[in-house]
1. For the stretch 276-298, which positions are crowded, with 17+ Cβ neighbours inside 10 Å and of a type outside the set (Val, Ile, Thr)?
2. Of the numbered conditions (1) within 15 Å of ligand 1 (Cβ to nearest atom); (2) open to solvent by less than 30 Å² (accessible area, probe 1.4 Å); (3) in contact with a Phe, Trp or Tyr (Cβ under 9 Å, 6 or more places away or on another chain), VAL314 fails exactly one; give the number of that condition.
3. In the stretch 417-438, which residues are in contact with a helix residue (DSSP H, G or I) (Cβ under 8 Å, 6 or more places away or on another chain) and surrounded by fewer than 18 Cβ atoms within 10 Å (Cβ to Cβ)?
4. Report, by residue number, each residue of the stretch 136-165 that is surrounded by fewer than 24 Cβ atoms within 10 Å (Cβ to Cβ), within 16 Å of ligand 2 (Cβ to nearest atom) and in a loop (DSSP other than H, G, I, E, B).
5. Quick check on this structure: which one of LEU256, LEU203, LEU227 is more than 18 Å from PHE283 (Cβ to Cβ) and not β-branched (Val, Ile, Thr)?
6. Give the stretch 121-135 a look and list any residue that's buried (at least 21 other Cβ atoms within 10 Å of the Cβ) and not β-branched (Val, Ile, Thr), or say none.
7. Could you please find all residues in the stretch 178-235 being polar (S, T, N, Q), open to solvent by less than 30 Å² (accessible area, probe 1.4 Å) and more than 20 Å from the chain's Cα centre (by Cα)?
8. Answer with yes or no whether ASP177 is at pLDDT 95 or above and not in a strand (DSSP E or B).
Amino acid sequence: LGLLIAQGAQPAFASSGDHGDHRDHGGPGKPHYSAGAAGVGDPYFPDAGNGGYDVKHYDIAFTYDPATRIMDATTTITAVATQGLNRFDLDFRGPEITSLTVDGHRSAFERSGQELVVTPRHDLGKGRHFTVVVKYKGTPPVVTDPDESIEGWVPTDDGVFVPGEPQGSPAWFPGNDHPTDKATFTFHATVPEGVTAVGNGRLESQKTKKGWTTFVWDSREPMATYLSTVTIGNFTVTKSKTSGGLPIYTAVDPRLVTQSAAAVAQIPDIVEYFSSIFGPYPFDTAGAIIDRAPDVGYALESQTKPIFSSAPGVGTMAHELAHQWFGDSVSLSRWSDIWLNEGFATYSQWMYTEHTGGATVDQTFNSTSNYGRAATSSFWQTVTTDPGPVDMFGNVPYNRGAMTLHALRGKIGDDAFFKLVKKWAATNRYGNTSTAEFISSAEKVSGMDLTNFFDVWLFQKGKPTTW
Ligand code: ARG
Ligand code: ZN
């Protein structure tokens, strides 16, 4: 797909796709209909997301039996056309589709790779609200990433673990899988009685009938698809509140309760500490899902319910909770800016360690896993703003990203730095942003020209020496 993303904050949605058969009604003043693009032009994941529409809401209803691994699902997508459409794509890698309708009319569709190409019975005019209902049944796949880690629908010994960054959500529901298209979500998950299904947002209801329990989860703040989860298994559930009244829901594999107790106990303190330096927690609920998924081996900041594939330490808990502000509420416009997510979460983790009496941020900055690395180390040979899809979750976006923030704090001073961070979280709340906007915001807040600073930390290879 030969589309280019705009270099500014927002991605360019191409006005036509690459499918070839544009039914152009032509002529000035006449409505124009064409195919939506098959991707939003993200250089790391060219097929991710789609052009021509904006999803407003996903309603994902399914029955899942861990014993058979069969999902029987109906996903309803409410969207608005951003161009006249005679065809559009969804991202979907899930099981066999048994029916697909657009505004109630059965519609033709084709599948190729992660693209689900839909030809609606009637053309959709620009600005039109439309509803797509997709029914499918079977076993959703495990998705392998460029770094060889796995995500998507990952079976465990008692259910399924569901991480989606950067490209796992199409394993279990069709959608517009790019962080630039956030939407609200409702999940209706029906599982065998005794099993728990934990999704993003608030638990609206939990009802058992004839041996099956339906959990309804509602995510009312906009969410990027990669942050969605409905993780299923045997869980010990605890509901509590922070002293500020924020509800906390934790689901912990009974085998991990003891090992994860210290990290779980810190959740209210972490949320309150970060709220004091970043501004209000962005969502109406917080929590954690701690599961046993040994083949996954990482944690993920799924919105309101970060998921852990083993018992986390306090540092990892702090990291995933910091992402609720940086990554989840304030999101990327393209994956190459991943340092904005991981650098902020890692630096937040350093600050929480200092706050609780551990190593100071200065000590962590100078340690041998950070600035203390030899100038000859290959660590310094990756550009922070372009790690590539294989190393996007490698050391550089995390550690050089966090070092960049600490160096910036030293350069502009504590007052300007914390003002910048609060402003960044507030201005971009529920939105999408970019490195370019971060630089301009830092220059505005500090009143300094930071061209050389950001050049050596973000855009050049090599260990920065003066900045
Ligand atoms: N964002 C996650 C974290 O830092 C890591 C996700 C890793 N995903 C992957 N496919 N390797 O907490
Ligand atoms: Zn992270």
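1. Within the stretch 276-298, PHE278, GLY279, TYR281, PRO282, PHE283, ALA286, GLY287, ALA288, ASP291, ARG292, ALA293, TYR298 qualify.
2. (2)
3. Hits for the stretch 417-438 are PHE418, LYS419, LYS422, LYS423, THR427.
4. ASP145, ASP147, SER149
5. Working: LEU203 fails: more than 18 Å from PHE283 (Cβ to Cβ); LEU227 fails: more than 18 Å from PHE283 (Cβ to Cβ).
LEU256 is the lone residue from the list that is more than 18 Å from PHE283 (Cβ to Cβ) and not β-branched (Val, Ile, Thr).
6. LEU124
7. Of everything in the stretch 178-235, those that are polar (S, T, N, Q), open to solvent by less than 30 Å² (accessible area, probe 1.4 Å) and more than 20 Å from the chain's Cα centre (by Cα) turn out to be THR190, THR196, THR213.
8. So ASP177 fits the description; yes.
The values are calculated or read from the model by the stated rules, or taken from the named source; none is laboratory data. Everything quoted here is computed from the prediction, not taken from an experiment. Every residue, glycine among them, receives a Cβ derived from its backbone with ideal geometry; neighbour counts consider all protein chains shown. The protein model used for the area step is the full one, side chains on, heavy atoms only, and it has no ligands, DNA or RNA in it. Shrake-Rupley method; radii C 1.70, N 1.55, O 1.52, S 1.80 Å.
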